[in-house]
Amino acid sequence: MLLPIIPLSIANGFAGQFLNAWFLNKYGIESTAIITSDVETNSTLNDQYIHDYEAIVKKQDGKYATTNFSTTSASIYPIENAIRIPQVNKTFPVKYIPGYEKNIVILYNESEEGKNLRQYEMQAPINTAKIKYEADPTNKEFIQEYISALEAYLQVYNDKNYSIKLEELKNNLKQLK
């Protein structure tokens with residue numbers, strides 16, 4: 001009976017917060033939280049200082065509960081190889097199990113910062129294609145790459161300037177054929 005304790009405790013050390021994030025996202029209820037304190041510690045992880053956070057979580061009755069976590073113990077969903085904690089004094093979405101509001105999962109991609117980051121990341125292929133196009137505006141492959149990048153972006157975000165540029169590029173491509 002005692003044999004699985006050691007391997008399970010080791011596994012918990014490596015995968016505990018990921019299982020917690022998955023569980024809370026699957027079974028928790030959505031709410032919001034605000035980080036009220038961000039204290040940099042003397043400890044480091046990957047050459048970055050670890051931070052201790054204090055936050056308040058809005059409960060179902062509208063009142064707030066206090067919780068604490070650190071850079072290394074934060075549960076963040078979606079699970080990825082990045083630790084992204086929202087800014088102090090900004091409301092962000094979380095999930096928790098009613099009655100135990102201290103254990104939260106941060107829904108980073110649903111926060112304002114997460115949405116801005118995703119939009120910025122979607123602009124990277126546009127910027128790459130733009131540089132290629134500006135270097136050789138007669139290269140059909142570069143024009144098509146720029147068009148594809150703009151179309152992918154415009155399927156998610158409405159941007160008038162990108163729409164105008166897309167039509168301009170399509171016309172340029174027709175003239176080159």
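Answer yes or no as to whether ALA11 is over 25 Å from ARG118 (Cα atoms), of a type in the set (Gly, Ala, Ser) and more than 17 Å from the chain's Cα centre (by Cα). Answer is yes for this residue. When segment 83-108 is limited to residues that are modelled with pLDDT of 95 or more and hydroxyl-bearing (Ser, Thr, Tyr), the one that is surrounded by the fewest Cβ atoms within 10 Å (Cβ to Cβ) turns out to be THR91. Residues that are touching a residue at least 60 places away in the same chain (Cβ under 8 Å) and among the β-branched types (Val, Ile, Thr) do occur in segment 73-80.
Only residues that are open to solvent by 70 Å² or more (accessible area, probe 1.4 Å), modelled with pLDDT of 95 or more and not in a strand (DSSP E or B) were counted across segment 24-57, and they come to 2.
Among the residues of segment 62-82, write down those that are surrounded by 16 or more Cβ atoms within 10 Å (Cβ to Cβ) and in a loop (DSSP other than H, G, I, E, B). Residues satisfying the conditions are THR71, ALA74.
Every condition in (1) open to solvent by 80 Å² or more (accessible area, probe 1.4 Å); (2) under 18 Å from SER111 (Cα atoms) holds for ASN12 except the one numbered (2).
The values are calculated or read from the model by the stated rules, or taken from the named source; none is laboratory data. This one's a predicted model, so the numbers in the text were calculated from it and none came from an experiment. All Cβ positions, glycine included, derive from the backbone under ideal geometry; neighbour counts span all protein chains shown. Keep in mind that these areas ignore ligands, DNA and RNA; they rest on the heavy atoms of the full protein, side chains included. Shrake-Rupley method; radii C 1.70, N 1.55, O 1.52, S 1.80 Å.
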